Amino acid sequence: MTANSTFAVFLAVLRRDLLIGLRHRSELFNPLVFFFIVVTMFVLALGPYADTLKQVAPAVIWVAALLASTLSLDMLFHSDLDDGSLEQFLLSPHPLIIIVTAKIIAHWLLTAAPLIVAALFLGLMVYLPQSAIVPLLLTLLLGTPVLSLVGAVLGALTVGLRGSGILLTLLILPLYIPVLIFSVATVDNAAKGLAITGELYFLGAMLVLSVTLAPFATASSLRVRFG
Amino acid sequence: MFEYFYKYGSPRHFYDLSKMFVPWLGGICLILLIAGLTGGLLFAPPDYQQGESFRIIYVHVPSAWMSLFIYVVMASAGAISLVWKVKVADALARASAPLGASFTFLALATGSLWGKPMWGTWWVWDARLTSELILLFLYLGYMALQTAIDDRRTAARAGAILSLVGVVNIPIIHYSVEWWHTLHQGPTITKLDAPSIHPSMLVPLLIMAFAFMFYYAAVVLLRARYEILENERNSAWVYELTEQRKG
């Protein structure tokens, strides 16, 4: 088992998950549609007034993104559990962390990356100022990987349980608070023309921390549940 | 050293040993509670600004301390359980969660009662209130996970990972919320060199803090004993114990 073969496993899992994702188009689009619907609900509840919407736009988009990402996380290990490939991952001689990391990256590419593109349009629809659009995309780019990484730990802990969907949401949302606070603050500041580098650095730090720790925690969660 | 560790870490010895501790811890708690409450409610002078209503700190502050302390205990027990697979640590963590949640709730409730006359509102989205509320969510999440997993051994280890993830996150959550918005008065006791609270008010508060600590120790041991009986219900010694009871 050389470093080479481990990397090959990483690529194989990544390729497999991306392929499965692309062949189940509806599952791919559902979080995206959900994202649009939640934002629409907010607008319907708040009223179509540009002044109000402009102020709450960053919050609305980020809360919708959080919910969409939470919903899709329930699926991260679910099909693998159903078809038995999760068992194969656990039995594999290769480090589970590598496999799990590949799965998280694939999940991010399939669910969060489309969200970022959609946010570009949604931002315009809720009258987010032009100056805040790029910062919004930056926060999503730095923040959504944190959501996928932290979410993977809890997704692994809850996969296959009765009522896992609502349980996962309950466990996960409190842990998403720092990302929410800093992201919304970044976009708010950008809309007011203030500096945003500090907040972006914080988001970057959270990303580094979760990249370092979350794959280990996810792998040991799976071992605890099924090992 | 490890010999003792394993001997008293075994559920059976812990079950016997803890039986001796519970009445003592409970008794000390009762004495400290009486001392602290008389000191705090009768002898401490009213606050020059907040009047008599400041006396709620004798419940509020110790509960807030305990709410954090218990989470750390839970996470430490979780780490011990994951690394050394000590079964007693599992029972202690599981027994701690409802207590931690109750203390968190108590801190929130007393804070809200105090907030009405002082700030003129039951609730403000202040940093410390908010992070206490989030802590309550973390406790409730832990408890929900425990009940969702049927196998108690798996549940304990899954809970251990969850509490460790939580303990890494609590400081981040706390400071991000702090940074977000704050109204709560600053800490008055942690400044050890010159606390901005008078000794006649401080001493009962510290006594109360110790009383709460002993209460927690007594109740967590009591609850852990029941958890152990439940976990070990298929083992020979529990069977013998129940047979003896039946007479």
For segment A:157-227, what does the relative contact order come out to in percent, with C-alpha contacts under 8 Å and a separation of six or more?
32
Quick one: go through segment A:194-209 and flag any residue whose amide nitrogen is under 17 Å from the point 7 Å out along the Cα-to-Cβ line of A:Q130.
A:194
Residues A:F35, B:F14, sorted so that the one with the fewest Cβ neighbours within 10 Å comes first
B:F14, A:F35
Full-stretch length increase - B:T147, B:K85 - with 0.36 nm per residue and alpha-carbon distance subtracted:
20.3 nm
With +1 at each Lys and Arg Cβ and -1 at each Asp and Glu Cβ, the charge dipole magnitude of chain A around its Cα centre, to the nearest 20 debye, comes out at 140
Using label points projected 7 Å from each Cα along Cα→Cβ, tell me how many nm separate A:I166 and A:V211, to one decimal.
3.8
Lys/Arg +1, Asp/Glu -1 at C-beta; the protein assembly as shown dipole; positive extreme among A:T6, A:S221, B:L229:
B:L229
Ranked from highest to lowest mean number of other Cβ atoms within 10 Å per residue, what is the order of the peptides B:120-127, A:74-81, A:141-148?
A:141-148, A:74-81, B:120-127
Per the charge dipole of segment A:3-226 (beta-carbon charges, Lys/Arg positive, Asp/Glu negative, Cα centre), the residue among A:L18, A:I166, A:V43 reaching farthest to the positive end is A:L18
Give the share of C-alpha pairs in each 10 angstrom bin for chain A, from 0 to the last occupied bin, in whole percents, shortest bins first.
8, 32, 34, 18, 7, 1, 0
Rounded to the nearest 500 deg cm²/dmol, what is the calculated helix-only ellipticity per residue at 222 nm for chain B, with -39500 (n - 2.57) per DSSP H run of length n ≥ 4?
-27500 deg cm²/dmol
Hey, with R₀ at 45 Å, roughly what FRET efficiency would B:T242 and B:I31 work out to, going by the Cβ-Cβ distance, to 0.05?
0.85
Calculate the spin-label point distance for A:R23 paired with A:D82, positioning each point 7 Å from the Cα along the beta-carbon direction, and give it in nanometres.
1.4
For chain A, what is the mean residue ellipticity at 222 nm derived from helices alone (per DSSP H run of n ≥ 4: -39500 (n - 2.57); sum divided by total residues; nearest 500 deg cm²/dmol)?
-29000 deg cm²/dmol
Could you list A:S92, A:S221 so that the one with the fewest beta carbons within 10 Å of its beta carbon is first and the one with the most is last?
A:S92, A:S221
Could you state, as a whole-number percent, how many of the C-alpha pairs of segment A:133-209 are farther apart than 17 Å?
47
Averaged over its residues, how many other protein chain Cβ atoms are within 10 Å of peptide B:169-180's Cβ atoms?
5
Length-normalised contact order of segment A:3-226, Cα under 8 Å, at least 6 apart, in percent, tallies to 27
How well do other chains shield peptide B:130-143, expressed as the mean number of their Cβ atoms within 10 Å of each residue Cβ?
2
B:Y4 versus B:E178, label points 7 Å from Cα toward the beta carbon: distance in nm?
3.8
Expected unfolding gain across B:I197-B:L17 under the 0.36 nm per residue rule, minus the alpha-carbon gap, is 60.8 nm
What is the projected area of the convex hull of the Cα atoms of segment B:1-134, averaged over all directions, in nm²?
10.4
Quick one: the Cα spread of chain B along its three principal axes, in angstroms, biggest first?
62, 39, 35
Number of partner chain Cβ atoms within 10 Å, mean per residue of B:153-162
5
How big is D for the protein assembly as shown, in µm² s⁻¹ as a whole number, if Stokes-Einstein is applied with the Kirkwood radius of its Cα pairs at 37 °C and 0.692 mPa s?
132
Using a cut-off of 15 Å between beta-carbons, work out the net charge of the residues near B:W122 (Lys and Arg +1, Asp and Glu -1, B:W122 not included).
-1
Bins of 10 Å from zero: percent of alpha-carbon pairs in segment A:6-117:
13, 38, 25, 15, 7, 2
Can you sort B:Y71, B:Y15 by how many other beta carbons sit within 10 Å, fewest first?
B:Y15, B:Y71
What FRET efficiency, computed as 1/(1 + (r/R0)^6) with R0 = 41 Å and r the Cβ-Cβ distance, is obtained for A:F34 and A:T2, rounded to the nearest 0.05?
0.45
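Values in this text are rule-based calculations from the coordinates and carry no lab data. Keep in mind that this is a model prediction, so the values were computed, not measured. Cβ: placed from backbone, ideal geometry, glycine included. Neighbour counts: every protein chain shown.
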